[in-house]
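Notes for the one structure printed next.
The values are calculated or read from the model by the stated rules, or taken from the named source; none is laboratory data. Remember, it's a predicted structure, so these values are computed and weren't measured experimentally. Cβ sites come from the backbone with ideal geometry, for glycine too, and all protein chains shown count toward neighbours. Heads up: the accessible areas ignore ligands, DNA and RNA and are worked out on the full protein's heavy atoms, side chains in. Shrake-Rupley method; radii C 1.70, N 1.55, O 1.52, S 1.80 Å.
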Amino acid sequence: MKQQNGAEVRTPYLLKFHDLFPNEEIDVDLLLQAFSKEMLLHAAINFSGYHNHFDRDEDIFSVLRRHFRGHLTAKLSQILNNIYRIQQQTQRAAHFIYPPSSLKLFEYALKSDKSTEVLGQFDEDEGSLNLFKAYLCFNEDIMLRAHKASQLLVDYSSDRIEYLTALTGSVFDNEILNHNLSLEFSVQFQKSQYLFLFLRENEKTRPLLLETLKYYNCRSIGELFNMMIFLLDPIECQKDAIIDIRDKPMSKLAIKFIDKFVLAEFEENMDFLSIRNTPVMKMDDGLYKIIYAKFVIDKLFRGWYFVLNRLNSTLELSIQIKNFRSFYSTEFTEEYLLTKLLHGVFPKKAISFSGREIRVARQNDKRKEVAEPDYYVRDFNNIFLIECKDALIKKEAKESLNYLEIDAELRSKFLETTNGGKRQSKAIHQLLDNIQRIKSGNIDFDRYDKMPSVRIYPILILTEEVFNATGLNQLINEWFGEELGNRRDNSGIKLDKIEPLTIITVDSLIYIRPYLIAGRVKFKDMVDSYINEHLTRPTNTKLWERNRMIPFSLFSRSYIWRKCNNSLQSSMSIFVEGYEDLDSSI
């Protein structure tokens with residue numbers, strides 16, 4: 001259930017193949033046998049353009065009439081009547097367009113080797129019907145997996161099953177549902193700029209930066225970034241977007257960039273990998289068709305890790321960065337990027353330390369059994385204890401739609417894991433270790449005589465948007481609360497004034513950062529409101545069942561809307577502090 005303006009709104013019903021064609025067998029290959037690869041890609045692009053159509057006052061009936069172009073009158077009438085009957089029975093609006101199914105159609109199309117010339121004459125009416133049926137088959141496959149996975153939760157209460165089912169579904173589809181392409185372009189472009197500023201400023205990475213510029217035939221970082229800006233306008237078109245740079249200035253460089261970067265392959269265990277690898281289709285030199293804009297945008301930042309990792313391996317051993325993945329996560333994400341993004345977010349009078357600064361301050365401390373936090377801020381009696389993690393949820397766990405698999409994956413990321421027979425504490429225990437040190441007055445880098453009485457806000461900053469999944473913050477916070485309770489019972493230290501654990505993604509932080517720096521909203525007030533509204537159980541059970549599902553990303557936009565007189569930025573600057581220096585050669 002959702003609520004809008006106090007009124008209860010039922011979640012739409014996703015149509016499946018056997019809802020409308022109960023006596024027919026599922027055979028996607030047979031249904032799509034007459035379609036060429038180009039036709040299937042065009043169909044998938046069209047479906048992806050409808051992903052937010054229910055936000056635009058357009059119901060399923062008008063969508064289907066347009067899909068069938070007014071043809072198949074008798075068959076279409078039967079389909080529409082059946083949908084109307086389902087809506088009456090379920091008391092829910094029906095829909096059939098679902099982003100994961102559109103991506104499944106993309107994947108199917110990319111595997112096809114059929115050309116238009118081979119197929120001959122094509123019956124458009126029959127094709128429209130078969131395409132609709134095939135799409136419903138993809139829906140059915142996903143929903144069947146979700147149903148089978150939910151049967152494994154029989155030991156839970158009905159309320160808990162509903163909560164965990166919503167969570168696992170959101171882990172599966174959250175990243176590819178609603179998104180603002182121009183805002184996401186700005187966020188990914190900013191992260192890329194921070195990355196290249198880091199490469200230039202870090203002595204270890206300068207040889208790698210020079211090799212990267214050489215690989216793309218660019219004289220400066222700014223020249224390289226101009227290649228990415230070519231992608232902005234066609235991405236914002238979203239539907240049937242064409243990148244045509246044949247007559248553009250620097251077109252030769254831009255063509256090489258797209259061929260060697262946008263069309264380069266990922267090497268990671270990720271969902272929808274074939275489309276993430278090929279979100280753009282090359283039609284001619286300088287002419288490309290965007291087949292999935294969201295994944296083009298993702299590549300603007302995510303793709304650089306794979307490029308850098310590959311180029312690093314080609315450097316001479318004496319200047320290679322050893323264990324590049326660990327170096328990238330620790331040196332760039334958890335230290336450089338985090339410090340840059342948090343600069344200016346807290347009041348000027350607050351005392352703050354980055355993880356690196358804490359390590360320097362603790363050089364002479366012999367009590368180093370507890371790792372330092374990634375970032376530490378004290379504003380009088382309030383401490384923000386921040387851990388940053390460059391974590392992923394494996395493709396197999398996400399696509400399983402099985403809470404038990406996702407639970408195991410999340411516990412290995414945030415509680416503990418075993419490596420070579422040794423237990424390794426993760427983010428929750430790392431936060432609690434430092435909370436214990438603070439409350440025992442055992443902090444060596446911040447001399448404050450009232451440490452036992454401070455209020456502590458544990459904050460977990462994560463790099464991947466999947467962690468904005470519905471209800472996930474509440475689940476991780478439950479584990480945090482359980483572990484905190486164990487320590488209260490066994491440590492002998494008074495562990496009070498500990499706030500619930502708040503999860504914020506890097507992209508969310510980038511989005512809200514301009515408002516925080518400008519002083520239009522305050523970080524502490526925003527986190528307090530989120531904790532009170534979404535992580536603290538009220539007496540009203542139904543209100544709690546709804547509120548606990550809201551991630552910080554969604555809450556923060558609503559909060560800013562309220563605090564800034566119903567004013568939200570529809571776009572952001574794509575440039576970060578120091579970007580102007582990137583134009584100069586290194």
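Worth a mention:
- With Cα atoms as the point set, the radius of gyration and Dmax of the chain evaluate to 25.8, 83 Å.
- Here, the range 245-353 yields an orientationally averaged convex hull projection of 10.6 nm² when only Cα atoms define the hull.
- Of all DSSP beta bridges confined to the chain, the antiparallel ones make up roughly 60%.
- Here the contact order of the chain, divided by its residue count and restricted to Cα pairs under 8 Å and six or more residues apart, works out to 15 percent.
- Lysines with Cα under 16 Å of Lys389, excluding same-chain neighbours fewer than 8 positions away: Lys191, Lys340, Lys413, Lys426
- In the chain, the longest principal axis of the Cα atoms and the axis of helix 293-312 are about 60 degrees apart.
- With contacts taken as Cα pairs under 8 Å and at least 6 residues apart, the range 205-320 reaches a relative contact order of 27 percent.
- The ellipsoid that matches the Cα gyration tensor of the range 328-565 has semi-axes, each √(5λ) in whole angstrom, of 25, 23, 19, with the longest given first.
- Helices in the chain, meaning DSSP H runs of at least 4 residues, each add -39500 (n - 2.57). Divided by all residues, the mean residue ellipticity at 222 nm is -15000 deg cm²/dmol.
- Here the accessible area of the chain is 47 percent carbon and sulfur, with a 1.4 angstrom probe and all protein chains present.
- For the set Tyr194, Tyr98, solvent exposure ranked by accessible area (probe 1.4 Å, protein chains only) runs largest to smallest as Tyr98, Tyr194.
- With a simple spin-label model that places each label point 7 Å from the Cα along the Cα-to-Cβ direction, the separation between Leu210 and Lys494 comes to 6.0 nm.
- Remark: the chain carries 46 Å² of accessible area per residue (probe radius 1.4 Å; ligands, DNA and RNA excluded).
- FRET efficiency estimate (nearest 0.05) - Cβ-Cβ, Glu316 to Arg455, R0 45 angstrom: 0.30
- Degrees, to the nearest 10: 73-90 long Cα axis against longest axis of the chain: 40
- Per residue, the average separation of C-alpha pairs within less than 8 Å and at least 6 apart gives the range 312-471 a relative contact order of 23 percent.
- Angle in degrees between helix 506-517 and the longest Cα principal axis of the chain, rounded to the nearest 10: 60
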